[in-house]
1. Would you point out which residue out of V282, V303 is over 16 Å from V242 (Cβ atoms), under 26 Å from the mean Cα position of the chain (by Cα) and touching a residue at least 24 places away in the same chain (Cβ under 8 Å)?
2. Condition test on A270, is it in contact with a Pro (Cβ under 9 Å, 6 or more places away or on another chain) and surrounded by fewer than 18 Cβ atoms within 10 Å (Cβ to Cβ)?
3. Filter segment 247-266 down to residues that are at pLDDT 90 or above and over 26 Å from S287 (Cβ atoms), then give me how many there are.
4. Would you pick out the residues in segment 201-232 that are assigned to a helix (DSSP H, G or I) and either under 25 Å from I341 (Cβ atoms) or over 12 Å from the mean Cα position of the chain (by Cα) (or both)?
5. Which number in (1) open to solvent by less than 60 Å² (accessible area, probe 1.4 Å); (2) part of a strand (DSSP E or B); (3) not hydrophobic (A, V, I, L, M, F, W, C) marks the one condition that G312 misses?
6. Quickly run through segment 182-200 and pick out the residues that are assigned to a helix (DSSP H, G or I) and closer than 17 Å to V79 by Cα.
7. Considering only residues that are among the aromatic types (F, W, Y) and assigned to a helix (DSSP H, G or I), look in segment 66-124 and name the one that is modelled with the highest pLDDT.
8. Name every residue in segment 29-50 that is assigned to a loop (DSSP other than H, G, I, E, B), under 21 Å from M1 (Cα atoms) and open to solvent by 40 Å² or more (accessible area, probe 1.4 Å), in order of residue number.
Amino acid sequence: MSIEVRNLIKRFGSFTALDGVDLKVENGELLALLGPSGSGKTTLLRIIAGLDWPDEGEVAFNGEDALARGARERNVGFVFQHYALFRHMTVFENVAFGLRVQPRAVRKNEAGIRARVKELLDLVQLDWLADHYPNQLSGGQRQRIALARALAIEPRILLLDEPFGALDAKVRKELRKWLRSLHREINLTSIFVTHDQEEALEVANRLVVMDKGRIEQIGSPGDIYDNPASAFVHGFIGESIVLPVEVAEGSVRFGGSLLNIAPDGAACGASKLFVRRHEMAVGPSGSGVFEGTVHHVRSFGPVQRAEVALAGGEVIEIDAPRGKELHAGDTVGLQPRRYRIFAA
């Protein structure tokens, strides 16, 4: 099932939640809608699901008008952040619920329902919890049951709204790997909403980065991380050092001093220099574009993170390999290996 959204506009009073959104989701794709709160990603998901309606625009499933159908007719599975399981029902009955309320013409008989539920509980590796109630499960188990329930009706599209947002970091990491593996197995066109950049980069085939109701960039995780199209995308994806610079006549100045770097195609005027923390090479004093004094160092894993005060007064954080020992009070030279410059 492919999904196509054309010029989608949605307003809530004077607030424009979606501002002319165009998007194509390919058959079998696992797509992430990524952005801060208020960027429009959940509104877009709800419109695709049929839980909300646009003021303008089109939504098509395999080329057919989806807006002409209600939510039940679209055959979409929806997984909410807070599980939405029925507390008074067992795990088995929660998963079976969607099958039992289907129209009589398509509803399976009891044996068919039981077989389908068992198949799904096996798929999410929780068949041994069939007789338990939601309050007897961990958060991660509840979310997997919620996913099994969404898959029970054999949807053509799976939509997930912040599916791991209510879970702790370790469980989220485990479920991300599990979801990626599950998607490879079922190959169902899927869209999930998240504000967690690490989650999106790890799980999705493609990312859609949104801000203020508009799409900022669409691409593979690697392409968006390495080649951000705007200052917003660079600042939102990954951890960046951002410094105010001035571009003029093919040169770049920082705090009045000329920097030995190219303007990267940026137009003249006030701009911002973006560098990933790990892309700022550290050397002895005098060896780099910037000079700074190390204020504080903390180490974790293979990385040491140093707080460095630049000569102009700005304080930045850089990531350096553990082998290059840094100490508070060291004077260092900093050279950006890769950088982007965007208009301020």
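1. Testing whether each residue is over 16 Å from V242 (Cβ atoms), under 26 Å from the mean Cα position of the chain (by Cα) and touching a residue at least 24 places away in the same chain (Cβ under 8 Å) leaves just V303.
2. yes
3. The qualifying residues number 0.
4. L201, P221, G222, D223, I224, Y225, D226, A231, F232
5. For G312, the failing item is (2).
6. Across segment 182-200, the qualifying residues are L182, H183, I186, E199, A200.
7. Across segment 66-124, the extreme among qualifying residues is F92.
8. Within segment 29-50, none qualify.
The values are calculated or read from the model by the stated rules, or taken from the named source; none is laboratory data. These figures come from a predicted structure and were not determined experimentally. Don't worry about glycine lacking a Cβ; one is built from the backbone with ideal geometry, like all the others, and counts go over all protein chains shown. Just the protein is used for accessible areas: all its heavy atoms, side chains included, with ligands, DNA and RNA removed. Shrake-Rupley method; radii C 1.70, N 1.55, O 1.52, S 1.80 Å.
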